[in-house]
1. Among the residues in segment 118-130, are any open to solvent by less than 40 Å² (accessible area, probe 1.4 Å), over 22 Å from the mean Cα position of the chain (by Cα) and over 22 Å from Ile17 (Cβ atoms)?
2. Pick from Ala144, Ala170: which is out of contact with any Pro (no Cβ under 7 Å at 6 or more places or on another chain), small (Gly, Ala, Ser) and touching a residue at least 60 places away in the same chain (Cβ under 8 Å)?
3. Identify, by number, the condition in (1) of a type outside the set (Asp, Glu); (2) modelled with pLDDT under 90; (3) closer than 30 Å to Asp178 by Cα; (4) surrounded by 13 or more Cβ atoms within 10 Å (Cβ to Cβ) that Phe109 doesn't meet.
4. Note down all Cβ pairs under 6 Å where the first residue falls in segment 33-57 and is part of a helix (DSSP H, G or I), the second is of a type in the set (Lys, Arg) and open to solvent by less than 80 Å² (accessible area, probe 1.4 Å), and they're at least six residues apart or on different chains.
5. Looking only at segment 167-190, decide whether some residue is open to solvent by less than 30 Å² (accessible area, probe 1.4 Å), within 23 Å of Asn3 (Cβ to Cβ) and assigned to a helix (DSSP H, G or I).
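The values are calculated or read from the model by the stated rules, or taken from the named source; none is laboratory data. Since we're looking at a predicted model, the values are computed, not measured. We place every Cβ from the backbone using ideal geometry, glycine too, and count neighbours over all the protein chains shown. Protein only, heavy atoms only, side chains kept; ligands, DNA and RNA dropped before computing areas. Shrake-Rupley method; radii C 1.70, N 1.55, O 1.52, S 1.80 Å.
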Amino acid sequence: MRNRGVLWIQSIMFELIEESVKSVLPNFNECWWDRWLLDVLVCNFVGMEIGLFLVNRFAEPFNWFMLTPAKANPPHEESHVPSFLTSREHFLTVCFVIGIGPLVDLINFLLKAVLFIPAESPLVVYNLLLVGLPSLVGIPEIYATLSESGHFRIGRQGVVLLYIVLMELALSWKLSSDTFPADGLQTIPVVTGVLWTLAFLLLVGFTVIFPFGRSKLVPGSFATKSKVS
């Protein structure tokens, strides 16, 4: 993802997902300090900073939120709106990039549960590589198109990544009835389901109602142009 903001959102989002489905996946049962202190503020933080250091040294970070496309708006149209809020397509691209990470992580845990794969099995690493390698090219493809034209387009490697994620999700759903109890979803607290539903509806409502096209960003006011080699 090559962006600190995206990584932090994904980190917190996955911990919220863990908290939500811990009644279905018992290995998500953790005490609060393990989840929020050890996982988020120590392990995830250290991993993110090491990764971003390597990106800044050997590649180029991605500025998803403040990106000015090459085909930018005229400089006389001033606004104080971040660039990802000036285009619905840009906003949905950022949402897609943020959501795909926690979804891949969740599917990895689901597959381990439904296929009874021990955590120490090399199959876990192979599966991460199966998903991770296409994403090394697929995510930069999306960013390159967004930076050049302001449009969302999934390239070939991105399509491969999406197919893998969808197939693994379908496999997890198919085998879940043989692994989890019939009332597994009913064990999830009602409040949790209501909160996730409200969050989804708010996101959809914001996407539909917010006047993306009415706010124009001055190139360079909030963003710097980025290139993908």
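1. Yes, there is a match, as at least one residue in segment 118-130 is open to solvent by less than 40 Å² (accessible area, probe 1.4 Å), over 22 Å from the mean Cα position of the chain (by Cα) and over 22 Å from Ile17 (Cβ atoms).
2. Ala144
3. (2)
4. Close Cβ pairs (under 6 Å, with a partner that is of a type in the set (Lys, Arg) and open to solvent by less than 80 Å² (accessible area, probe 1.4 Å)) amount to Val55/Arg2.
5. no
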